[in-house]
1. With a 1.4 Å probe and every protein chain left in place, work out the accessible area per residue of the chain in Å², rounded to a whole number.
2. With labels modelled as points extended 7 Å from the Cα through the Cβ direction, what inter-label distance (nm, one decimal) is found for ILE225 paired with ILE201?
3. How large is the accessible surface of ILE225 in square angstrom, using a 1.4 angstrom probe and rounding to the nearest 10?
4. What is the distance, in nm, between label points placed 7 Å from the Cα along the Cα-to-Cβ direction at THR268 and at PHE154?
5. Compute, for SER87, the solvent-accessible surface of its heavy atoms (probe 1.4 Å) with the complete set of protein chains present, and express it in square angstrom to the nearest 10.
6. Please work out how much length the chain gains when fully extended from HIS56 to ARG165, using 0.36 nm per residue of separation minus the C-alpha to C-alpha distance, in nm with one decimal.
7. Would you compute the Debye intensity of the chain from its alpha-carbon atoms alone, equal scatterers and no solvent, and pass along log10 I(q)/I(0) at q = 0.06, 0.08, 0.09, 0.13 Å⁻¹ to two decimals?
8. Which whole-Hz couplings ³J(HN,Hα) result when phi for each residue of the stretch 156-169 is put into the Karplus expression 6.51 cos²θ - 1.76 cosθ + 1.60, θ = phi - 60°, listed in order with x for Gly and Pro?
Amino acid sequence: MPGNNQTVISEFLLLGLPIPPEHQHLFYALLLAMYLTTILGNLLIIVLIQLDSHLHTPMYLFLSNLSFSDLCFSSVTVPKFLQNMQSQVPSIPYAGCLTQLYFFFLFGDMESFLLVVMAYDRYVAICFPLHYTSIMNPKLCVWLVVLSWVLTTFHAMLHTLLMARLSFCEDNVIPHFFCDISALLELACSNTITNEVLMFIMGGLNIVIPFILITLSYARIVSSILKVPSTQGIHKVFSTCGSHLSVVSLFYGTVIGLYLCPSANNSTMKETVMALMYTVVTPMLNPFIYSLRNRDMKEALRRVLLNKRISL
Ligand SMILES: *[C@@H]1O[C@H](CO)[C@@H](O)[C@H](O)[C@H]1NC(C)=O
C-alpha cells in the first residue's frame with residue numbers, strides 16, 4: 001500500500017498461555033516431561049519396528065511413519081514454547097513463524113492421511129485376509145506413504161505461500177504459544193479473504209474426507225463381521241483395530257471438539273486447551289495406545305532386549 005507509513009515487521013511476540021506466575025515452574029516442568037515422553041515413546045516405537053523383523057508388516061511400517069510424524073509435529077511447537085517461557089522477550093522471527101506454520105501443516109496433515117492409510121490396511125486385512133499380502137504389497141505401501149507426503153506438502157506450501165503474501169503492520173503480538181494460522185490472519189493488515197476461504201475449504205477437505213474414508217473402512221469391516229458373526233471374528237477386530245480406533249477417536253475427538261462444539265464464553269480458554277491437546281497430548285499418547293495394548297509390540301521389545309543381552 002503506497003503512501004501508508006508501514007513498518008515492516010521482522011519478528012512476532014508469542015504471548016504463550018495465560019498461566020499465573022506462581023504456576024509457571026510447575027507448568028514448565030510438566031510440559032518438558034510430556035515433550036520428553038513424546039520423543040522417547042515415539043523413538044522407541046520407530047527403533048523397535050526397524051530392529052524387529054517380525055514387525056516389518058504394512059501395519060507396523062505405517063505405525064512407524066505415524067510415530068515419526070507425531071514426533072516431528074510436537075517438535076514444531078513445543079521446544080520453541082519451552083524456550084520462550086524462559087526468555088524475557090518471547091519473540092520469534094518472521095521467517096521462523098512461517099517455517100513453524102509450514103511444518104505444523106505438513107506433519108499435522110500427515111497424521112490424518114496416515115490414519116486413513118492405516119484404516120484401509122485394516123479393511124483389507126479383515127475383509128480380504130487371503131489376499132492381504134498381495135494387495136498390501138511393499139510397492140503399494142510405499143506409494144501410499146509417498147502420496148500422503150505429496151498431498152501434505154502441497155497443502156502446507158499453499159498456506160505458507162498465501163501467508164507470505166500478507167503484510168503485517170504495527171501489531172505483532174500473537175496471543176498464543178505458536179504461530180497459529182488464525183492468530184496470524186487476525187494480525188495481518190492486508191486483505192485476508194482468500195486465505196480465509198482457502199483455509200475453510202482445505203481444512204474441511206483435509207478433515208472431512210479422511211473422516212469419511214475411515215468411517216467407510218470401518219463400516220465395511222463391521223458389516224463383514226456381522227455377515228458371519230462369531231466371537232472369534234469380533235475378537236480379531238478388537239485386537240487388530242482397537243488401537244487404531246482409539247487413536248482415530250483421540251484425533252477426531254479433539255478436532256470435533258475444537259470446530260464443532262459451540263462455545264459462547266471462554267473461547268480463548270477452550271482454544272488453548274485444545275491446542276495443547278493436539279500439539280502435546282495426542283502425540284504423546286499415540287505410542288502408548290499402540291504399545292500398551294499390543295502383544296506384538298511387547299514381544300518385539302522382549303526379543304530386542306533379549307538379543308541385546310545375548311550379544312553382550
Ligand atoms: C514408512 O512407510 C514406508 C512404507 O511402508 C516404509 O518403507 C518406511 O520404512 C516407513 N518409514 C518409517 C520412518 O517408518
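1. Working: 16880 Å² over 312 residues.
Accessible surface, normalised per residue, equals 54 Å².
2. Between ILE225 and ILE201, the simple spin-label model gives 3.9 nm.
3. About 30 Å², ignoring ligands and nucleic acids.
4. So the two model labels end up 3.8 nm from each other.
5. Per-residue accessible area (SER87): approximately 50 Å².
6. Working: separation 109, 0.36 × 109 = 39.24 nm, distance 4.42 nm.
Between HIS56 and ARG165, full extension yields an extra 34.8 nm.
7. -0.24, -0.43, -0.53, -1.02
8. 5, 4, 4, 5, 5, 5, 5, 6, 5, 5, 6, 10, 10, 9
The values are calculated or read from the model by the stated rules, or taken from the named source; none is laboratory data. Just so you know, these numbers come straight off a predicted model, no measurement behind them. Positions of Cβ are backbone-derived with ideal geometry, glycine not excepted, and every protein chain shown enters the neighbour counts. Just so you know, the surface numbers come from the protein's heavy atoms only, side chains and all, with ligands and any DNA or RNA stripped out. Shrake-Rupley method; radii C 1.70, N 1.55, O 1.52, S 1.80 Å.
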